[in-house]
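K.L.:
Pasting a structure here, questions to come.
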C-alpha cells in the first residue's frame with residue numbers, strides 16, 4: 001500500500017489542481033461530467049496504416065460544425081476533426097459549450113438565430129424535445145444495425161446517433177478489500193444486498209470503520225441514485241417511462257412501490273458505512289477519489305467518468321477497479337443484483353433545417369466514419385476514451401472502470417435503461433435526498449417529497 005499513501009500525499013498537496021480538474025458534478029442532467037477541457041492527456045497511438053473506409057471525394061471542401069456539450073472530449077474531438085479532414089477533405093469546426101451552460105438552451109438559441117450547428121451532441125432529453133421539429137431522420141442509416149439496443153426512437157424513427165455508453169454502480173478497489181480482509185476478493189461472490197452488507201461489516205470488523213465514499217452532490221443523489229427507482233422497474237427505458245407516466249397520472253402510489261423502498265434500504269446501508277457519516281454534506285468529491293485510491297475506503301458510488309479523478313489520486317490502469325451492482329434486495333435472480341446500469345449518455349443530432357444537402361451528406365459521412373473506419377473506431381475509444389455502443393468496434397477501453405463496463409455490456413452484465421425526466425428533477429429531488437442523507441428528514445418525508453414532485457408534473 002506504500003504507493004497509494006504516497007499518491008495520497010501528492011494529491012493532497014495538489015488540492016488546488018484537483019479542484020479545477022475533477023469531474024465535479026452532473027450538470028443539466030448529464031450522465032457524464034465535464035472534466036477540465038484544457039487538461040493535457042497522454043496521447044494514445046492510433047494505427048493509421050489500415051483504413052478501408054471508402055471516402056466520397058465529392059464532399060471534399062465542405063465545412064460543418066459540431067456543437068460539443070461533453071467538455072472532457074473537446075481536445076480529442078478537435079484531433080478527430082483534424083484527422084477526418086486530412087482523409088475526407090471535410091472541414092469540421094468543434095464548437096464548445098461552456099461548462100455551466102445548458103446544452104438545450106444553447107442549441108435553441110442557435111436555432112433562433114438561424115445559425116444552428118450541423119451536428120449537435122446532446123442529452124437524450126434534449127433530442128426528444130427537439131428532434132421531430134429540427135432533426136434529420138437517420139432511421140435508414142446502416143450504422144443503426146450496429147447499435148440496435150442503444151438507439152433512441154421517437155414515434156418509431158431514429159433522429160440521433162448514440163455517441164457512447166456510460167455506466168454507474170458501486171466502484172470497488174479490489175486490492176484494498178483483499179489487503180484489509182487478508183483473503184481473495186471475487187466480486188461475483190456478492191449476489192445480494194445481505195451479501196454486500198456482510199462484506200461491509202467484515203471490512204469494519206477488520207479495521208476499515210466506514211468503507212464507503214458517498215457523494216453529496218445533488219446530481220449524484222437526485223439523478224444517478226434516485227433514478228434507480230424508475231430504471232430498475234424492469235431494466236428497460238420503456239419500463240422507466242411506464243413508472244414515470246404512472247407517477248404523473250396518479251396510478252402509482254410511491255409509498256407502496258417496491259423499488260422505492262428497496263432503493264431506500266440500499267441507500268440507508270450506504271449511509272451507515274459512509275466515511276463522511278458525521279458530516280455527509282461536508283464530503284469533498286475530490287477527497288473521495290483519494291480515499292478510494294489510497295485505501296481509506298473500498299467503495300465509491302459513481303460512474304466510469306470518475307476515472308480521471310482516480311488517476312489524479314494515484315490509481316493506475318493496471319489496478320483492479322470495477323463495479324458492483326446497486327443491490328436492491330436478497331433475490332439473486334433479480335437482475336438488479338447481477339447487472340449494472342449502462343446506457344447511451346450522449347446523442348448526436350443532425351440539423352434538418354438550415355444545413356445544405358452537401359453538409360448533411362458530409363455529416364453522415366463523418367458518423368459513418370466513426371462506426372466503420374478502422375481509424376475512426378480507434379479514435380472513439382483511444383482518443384476520446386469512450387465506450388462505443390456499436391458492436392462492430394473491436395477496440396477495448398484502457399482504463400479499468402470503462403473496461404469493466406465494456407466487458408459487462410459484452411457479456412450480459414449490464415442493463416440498458418434511461419429514465420427521461422424533467423430538467424429540474426435532479427436539482428429539486430437531489431435537494432430532498434441531501435436532506436435525507438443529512439438526517440434532516442425521515443423516509444416518509446422523502447417519499448412524500450418525491451410524490452409531490454410528480455403530482456405537480
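K.L.:
Quick one: which residue in 363, 355 is surrounded by 21 or more Cβ atoms within 10 Å (Cβ to Cβ), over 26 Å from residue 171 (Cβ atoms) and in contact with a strand residue (DSSP E or B) (Cβ under 8 Å, 6 or more places away or on another chain)?
P.N.:
Residue meeting the stated conditions: 363.
K.L.:
Take the residues in region 225-245 that are modelled with pLDDT of 95 or more, under 16 Å from the mean Cα position of the chain (by Cα) and assigned to a helix (DSSP H, G or I), then tell me which one is nearest to residue 434 (Cα to Cα).
P.N.:
225
K.L.:
Go through region 341-352 and count every residue that is over 27 Å from residue 116 (Cα atoms) and surrounded by fewer than 23 Cβ atoms within 10 Å (Cβ to Cβ).
P.N.:
0
K.L.:
Taking the stated definitions as given, is residue 381 farther than 28 Å from residue 248 by Cα, assigned to a helix (DSSP H, G or I) and touching a strand residue (DSSP E or B) at 6+ places or on another chain (Cβ under 8 Å)?
P.N.:
Yes, satisfied.
K.L.:
Yes or no: residue 325 in contact (Cβ under 8 Å) with a residue 60 or more places away in the chain, under 30 Å from residue 234 (Cα atoms), surrounded by 24 or more Cβ atoms within 10 Å (Cβ to Cβ) and out of contact with any strand residue (DSSP E or B) (no Cβ under 6 Å at 6 or more places or on another chain)?
P.N.:
Judged against the criteria, residue 325 is not a match.
K.L.:
Kindly indicate whether residue 314 is under 23 Å from the mean Cα position of the chain (by Cα) and outside any helix (DSSP H, G or I).
P.N.:
In short, yes.
K.L.:
Just give me the residues in region 432-447 being surrounded by fewer than 14 Cβ atoms within 10 Å (Cβ to Cβ) and in a helix (DSSP H, G or I), in sequence order.
P.N.:
So the first thing to find is which residues in region 432-447 are surrounded by fewer than 14 Cβ atoms within 10 Å (Cβ to Cβ), and the list is 439-440, 442, 444-445.
Listed by number, the residues that qualify are 444, 445.
K.L.:
A follow-up question, please. Quick one: residue 427 ticks every box in (1) modelled with pLDDT under 95; (2) within 21 Å of residue 152 (Cβ to Cβ) bar one, so which box is it?
P.N.:
Here residue 427 clears every test but (2).
K.L.:
Please state which of the following conditions residue 178 fails to meet, knowing it meets all the rest: (1) in a helix (DSSP H, G or I); (2) surrounded by fewer than 16 Cβ atoms within 10 Å (Cβ to Cβ); (3) outside the structural domain of residue 224 (by TED's automatic domain parsing).
P.N.:
Unmet for residue 178, out of (1) in a helix (DSSP H, G or I); (2) surrounded by fewer than 16 Cβ atoms within 10 Å (Cβ to Cβ); (3) outside the structural domain of residue 224 (by TED's automatic domain parsing): (3).
K.L.:
Of all residues in region 244-261, which are surrounded by 15 or more Cβ atoms within 10 Å (Cβ to Cβ) and farther than 23 Å from residue 413 by Cβ?
P.N.:
Residues satisfying the conditions are 244, 246, 247, 252, 254, 257, 260, 261.
K.L.:
Next question. Please enumerate the residues belonging to region 87-112 that are at positive phi and within 26 Å of the chain's Cα centre (by Cα).
P.N.:
Within region 87-112, 100 is the sole residue that qualifies.
K.L.:
Output the number of the condition that residue 260 fails; it satisfies all remaining conditions of (1) more than 20 Å from residue 429 (Cα to Cα); (2) assigned to a helix (DSSP H, G or I).
P.N.:
The number of the failed condition is (1).
K.L.:
Now for a separate question. Could you count how many residues in region 137-150 are surrounded by fewer than 20 Cβ atoms within 10 Å (Cβ to Cβ) and either in contact with a strand residue (DSSP E or B) (Cβ under 8 Å, 6 or more places away or on another chain) or in contact (Cβ under 8 Å) with a residue 60 or more places away in the chain (or both)?
P.N.:
Summing the residues that are surrounded by fewer than 20 Cβ atoms within 10 Å (Cβ to Cβ) and either in contact with a strand residue (DSSP E or B) (Cβ under 8 Å, 6 or more places away or on another chain) or in contact (Cβ under 8 Å) with a residue 60 or more places away in the chain (or both) in region 137-150 gives 7.
K.L.:
While we're on this one: Is there a residue in region 255-266 that is in contact with a strand residue (DSSP E or B) (Cβ under 8 Å, 6 or more places away or on another chain) and either within 17 Å of residue 174 (Cα to Cα) or in the same structural domain as residue 235 (by TED's automatic domain parsing) (or both)?
P.N.:
Checked against the condition, which is being in contact with a strand residue (DSSP E or B) (Cβ under 8 Å, 6 or more places away or on another chain) and either within 17 Å of residue 174 (Cα to Cα) or in the same structural domain as residue 235 (by TED's automatic domain parsing) (or both), region 255-266 yields no hits at all.
K.L.:
Considering only residues of region 328-378 that are without any contact (Cβ under 8 Å) to a residue 12 or more places away in the chain and not in a helix (DSSP H, G or I), which is farthest from residue 167 (Cα to Cα)?
P.N.:
Among those that are without any contact (Cβ under 8 Å) to a residue 12 or more places away in the chain and not in a helix (DSSP H, G or I), it is 356.
K.L.:
If you check 307, 219, which single one turns out to be buried (at least 23 other Cβ atoms within 10 Å of the Cβ), under 24 Å from the mean Cα position of the chain (by Cα) and at pLDDT below 95?
P.N.:
Numbers: 219 fails: buried (at least 23 other Cβ atoms within 10 Å of the Cβ).
Just one listed residue meets the conditions, 307.
K.L.:
Checking the conditions here, which among 92, 128, 64 is touching a residue at least 60 places away in the same chain (Cβ under 8 Å), in the same structural domain as residue 386 (by TED's automatic domain parsing) and under 17 Å from residue 380 (Cα atoms)?
P.N.:
Of the residues listed, the single one that is touching a residue at least 60 places away in the same chain (Cβ under 8 Å), in the same structural domain as residue 386 (by TED's automatic domain parsing) and under 17 Å from residue 380 (Cα atoms) is 92.
K.L.:
Can we say residue 271 is part of a helix (DSSP H, G or I), out of contact with any strand residue (DSSP E or B) (no Cβ under 7 Å at 6 or more places or on another chain), assigned by TED's automatic domain parsing to the domain that holds residue 448 and under 30 Å from residue 421 (Cα atoms)?
P.N.:
yes
K.L.:
Let me ask something else. Output yes when any residue across region 248-255 is closer than 30 Å to residue 205 by Cβ and touching a helix residue (DSSP H, G or I) at 6+ places or on another chain (Cβ under 9 Å), and no when none is. Before the answer, list the steps.
P.N.:
Step one: filter region 248-255 for residues closer than 30 Å to residue 205 by Cβ, giving none.
Within region 248-255, not a single residue is closer than 30 Å to residue 205 by Cβ and touching a helix residue (DSSP H, G or I) at 6+ places or on another chain (Cβ under 9 Å).
The values are calculated or read from the model by the stated rules, or taken from the named source; none is laboratory data. Note that the structure is predicted; figures quoted are calculated from it, not measured. Cβ sites come from the backbone with ideal geometry, for glycine too, and all protein chains shown count toward neighbours.
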